[in-house]
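See below for the structure under consideration.
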């Protein structure tokens, strides 16, 4: 076995979710194309279940080692699934989605609250510590919350910028 083939097999073992998600979406597309909405209530339930429940559940199973990050991303996938199902299912066949579409907004509200909480914690770190310490603390906090490393570095750089700006402003005022 070649090295590249072994690497691709290892990658597939760790990230099998993406292949499974594509298979679920393809199966839904095939069933809808072949059946052409002959039983709209069943198709609507199937599409909604697959996009809003099955795909997020597969993500949680595949990436369970990420713990909190996986849960947050699964909530985001569920919200996205409800939205996609609303666009895939013709409006004439939408009865279930119109009744439970509000769940998507609850999920989005939860995600927004989590982002606001993270933003507040980062601002506290930025102005509690000195610029160098704040940068490291913010980067560690952001990475522990699942923020990509490059975004964490940008957040740390922003904290340094605002700290320097605040220091200059205080010197100008004579405090």
* Asked: Does residue 37 fit the bill of being touching a helix residue (DSSP H, G or I) at 6+ places or on another chain (Cβ under 8 Å) and at pLDDT 85 or above?
  -> no
* Tally the residues that are closer than 30 Å to residue 64 by Cα and part of a helix (DSSP H, G or I), restricting the search to segment 143-175. => 10
* Asked: Of the residues 111, 125, 118, which is in a helix (DSSP H, G or I), outside the structural domain of residue 43 (by TED's automatic domain parsing), more than 25 Å from residue 65 (Cα to Cα) and touching a residue at least 24 places away in the same chain (Cβ under 8 Å)?
  -> 125
* Asked: If you check every pair at least six apart or on different chains, which have Cβ atoms under 7 Å apart with a residue in segment 76-93 that is farther than 18 Å from residue 105 by Cα first and a residue that is outside any helix (DSSP H, G or I) second?
  -> 90/37; 93/37
* Asked: For segment 54-75, what are the residues that are touching a helix residue (DSSP H, G or I) at 6+ places or on another chain (Cβ under 7 Å) and in contact (Cβ under 8 Å) with a residue 12 or more places away in the chain?
  -> 54, 55, 56, 58, 59, 60, 62, 63, 72, 73, 74, 75
* Structure fact -> Checking 60, 54 in turn, the sole residue that is more than 15 Å from the chain's Cα centre (by Cα), in a helix (DSSP H, G or I) and assigned by TED's automatic domain parsing to the domain that holds residue 38 turns out to be 54
* Structure fact -> Scanning segment 116-141 for residues that are under 27 Å from residue 81 (Cβ atoms) and either at pLDDT 80 or above or touching a helix residue (DSSP H, G or I) at 6+ places or on another chain (Cβ under 9 Å) (or both) gives 116, 117, 118
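The values are calculated or read from the model by the stated rules, or taken from the named source; none is laboratory data. Please read all numbers here as calculations on a predicted model, not as lab measurements. Reconstructed Cβ throughout: ideal geometry from the backbone, glycine too, with neighbour counts over all protein chains shown.
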